[in-house]
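**Q** The structure's right below; bear with me while I get my questions together.
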Amino acid sequence: MLLTVETLLRPDQVALCRERLAAETWVDGRVTAGEQSARAKRNLQLPEDAPAARELGEMILAALGRNPAFVSAALPLRVFPPLFNRYDAGMAFDTHVDNAIRFAGPVRFRTDLAATLFLTDPADYDGGELIVEDTFGEHAVKLAAGDLVLYPASSLHRVAPITRGSRWAAFFWAQSMIRSDAQRGLLWTLDEAIQALTIKVGQADPQLVSLTGLYNNLLRMWSEV
Ligand code: NI
C-alpha cells in the first residue's frame, strides 16, 4: 500500500517550514539510524529536540488529523513526532528497512507505516527520489512541496543520490491500530467503497448499512488499541 496525499500542507505552511528550517543547525543524520542503516545513510537532520522541529511537527500532525485519506489508510494509533531531513548534492540513503521499534521519549512505538512529506519544489533539485520496493517492483516517488507519501515501514526503500540542489523533507512513522499491512489495505479498500457508495445511494440504504457494519466488525476483530 502506497498512499499519496496532495497538499497536506498549504503553500504558506511549506514556506513557513522552509523559513524556520533555513535558520536551524543541521546535524549528521546517523543519530537516529540503527546499526545497519547508519552505514547506508548520508544526510543531515534537525536534532529531535530543536524547537523548530517540535513546532513544525505539531502543525504537520494537526494537518494529518484533519486528512480523511490519511486516517482511512493508516488507521493511526500513534504518530511519531515528525523529524526533518536534508539531502545536499552527493547525499543519499541506500536500501534499508526502518527499525521496527522506536522511542519517542519514554513511549515505545511499533513502526507500521513510514511517511515522507516533501518540502522542496522538485524543480529545485535533481535525483532524490524515494524508491520503495514491493512485490510489484520499485516505485519512485518525487512529489510537490507540501505533498506526502505513506508506505509500509516494512518495505525496502532508499533515497536516490542528489545530483543538484538540496532536498528537504519531514519524515515520521505511525503505529497503526491494524498491524498487518494486508488487513489494513482491505479495510482501506472497503472504506473507500463505502464512502463512494454513500454519495450514490445515501446512508440509509440497507446494503450500505450492512457493509458499514462489516467494516466496523472487521476493525473490531483486527484492531489493537
Ligand atoms: Ni527509511
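**Q** Report, by residue number, each residue of the stretch 121-142 that is under 25 Å from Ala22 (Cβ atoms) and either away from the ligand (no atom under 15 Å from the Cβ) or not assigned by TED's automatic domain parsing to the domain that holds Asp94 (or both). Give the steps one after another, and end with the answer.
**A** Just the residues of the stretch 121-142 that are under 25 Å from Ala22 (Cβ atoms), to begin with: 121-130, 141-142.
Correct list: Asp121, Pro122, Ala123, Asp124, Tyr125, Asp126, Gly127, Lys142.
**Q** Of all residues being over 29 Å from Arg220 (Cβ atoms) and surrounded by fewer than 17 Cβ atoms within 10 Å (Cβ to Cβ) in the stretch 143-168, which is nearest to the ligand (Cβ to nearest atom)? Just the residue, please. It would help to see each step written out before you state the result.
**A** To start, the set of residues in the stretch 143-168 that are over 29 Å from Arg220 (Cβ atoms) comprises 143-147, 149, 156-168.
In the following step, the residues that additionally are surrounded by fewer than 17 Cβ atoms within 10 Å (Cβ to Cβ) were identified as 144, 156, 163-164, 166.
On the way: Ala144: 21, Leu156: 9, Thr163: 20, Arg164: 23, Ser166: 19 Å.
Step by step, filter the stretch 143-168, then rank; the result is Leu156.
**Q** Any idea which of Gly137, Gly165, Gly146 is in contact (Cβ under 8 Å) with a residue 12 or more places away in the chain and more than 22 Å from Met59 (Cβ to Cβ)?
**A** On the way: Gly137 fails: in contact (Cβ under 8 Å) with a residue 12 or more places away in the chain; Gly146 fails: more than 22 Å from Met59 (Cβ to Cβ).
Testing whether each residue is in contact (Cβ under 8 Å) with a residue 12 or more places away in the chain and more than 22 Å from Met59 (Cβ to Cβ) leaves just Gly165.
**Q** Applying the selection to the stretch 4-34, what residues are of a type in the set (A, V, I, L, M, F, W, C), at pLDDT below 95 and closer than 24 Å to Ala74 by Cβ?
**A** Passing the criteria: only Ala33.
**Q** Would it be correct to say that Phe118 is in the same structural domain as Ala40 (by TED's automatic domain parsing), open to solvent by less than 60 Å² (accessible area, probe 1.4 Å) and within 14 Å of the ligand (Cβ to nearest atom)? I'd like the intermediate steps shown before the answer.
**A** Numbers: in the same structural domain as Ala40 (by TED's automatic domain parsing): yes; open to solvent by less than 60 Å² (accessible area, probe 1.4 Å): yes; within 14 Å of the ligand (Cβ to nearest atom): no.
Judged against the criteria, Phe118 is not a match.
**Q** Among Leu83, Leu56, Leu64, Leu75, which is the only one that is on the phi > 0 side of the Ramachandran plot, in the same structural domain as Leu150 (by TED's automatic domain parsing) and either within 16 Å of the ligand (Cβ to nearest atom) or at pLDDT 95 or above (or both)? Walk me through it before giving the result.
**A** On the way: Leu83 fails: on the phi > 0 side of the Ramachandran plot; Leu56 fails: on the phi > 0 side of the Ramachandran plot; Leu64 fails: on the phi > 0 side of the Ramachandran plot.
Testing whether each residue is on the phi > 0 side of the Ramachandran plot, in the same structural domain as Leu150 (by TED's automatic domain parsing) and either within 16 Å of the ligand (Cβ to nearest atom) or at pLDDT 95 or above (or both) leaves just Leu75.
**Q** OK, next. Identify, please: which residue in the stretch 87-104 is open to solvent by less than 60 Å² (accessible area, probe 1.4 Å) and more than 15 Å from the ligand (Cβ to nearest atom) and is, among those, modelled with the lowest pLDDT?
**A** Step by step, filter the stretch 87-104, then rank; the result is Ala104.
**Q** While we're here: Filter the stretch 169-183 for residues that are in contact with a helix residue (DSSP H, G or I) (Cβ under 7 Å, 6 or more places away or on another chain) and within 16 Å of the ligand (Cβ to nearest atom); which is nearest to Arg108 (Cα to Cα)?
**A** Ala174
**Q** A further question follows. Can you spot a residue in the stretch 54-66 that is surrounded by fewer than 19 Cβ atoms within 10 Å (Cβ to Cβ), touching a strand residue (DSSP E or B) at 6+ places or on another chain (Cβ under 8 Å) and charged (D, E, K, R)?
**A** Residues of the stretch 54-66 that are surrounded by fewer than 19 Cβ atoms within 10 Å (Cβ to Cβ), as a first pass: 54-55, 58-59, 61-62, 65-66.
Adding the requirement that they be touching a strand residue (DSSP E or B) at 6+ places or on another chain (Cβ under 8 Å) leaves 61.
After this cut, where a residue has to be charged (D, E, K, R) as well, the list is none.
No, the stretch 54-66 contains no residue that is surrounded by fewer than 19 Cβ atoms within 10 Å (Cβ to Cβ), touching a strand residue (DSSP E or B) at 6+ places or on another chain (Cβ under 8 Å) and charged (D, E, K, R).
**Q** Helices (runs of 4 or more DSSP H) wholly in the stretch 1-96 with at least 1 residues that are within 17 Å of the chain's Cα centre (by Cα) and of a type in the set (Phe, Trp, Tyr) - which ones? Full working, then the answer.
**A** Working: elements: 11-22, 35-40, 51-65, 68-74.
Hits in the stretch 1-96: 68-74.
**Q** Next up: Look at Ile194 and say whether it is more than 16 Å from the ligand (Cβ to nearest atom), farther than 28 Å from Arg39 by Cα, surrounded by fewer than 16 Cβ atoms within 10 Å (Cβ to Cβ) and among the aliphatic types (A, V, I, L, M).
**A** Here the answer is no, as Ile194 does not meet what is asked.
The values are calculated or read from the model by the stated rules, or taken from the named source; none is laboratory data. Keep in mind the model is a prediction, meaning the values are calculated, not measured. We place every Cβ from the backbone using ideal geometry, glycine too, and count neighbours over all the protein chains shown. All accessible areas refer to the heavy atoms of the entire protein, side chains included, with ligands and DNA or RNA removed. Shrake-Rupley method; radii C 1.70, N 1.55, O 1.52, S 1.80 Å.
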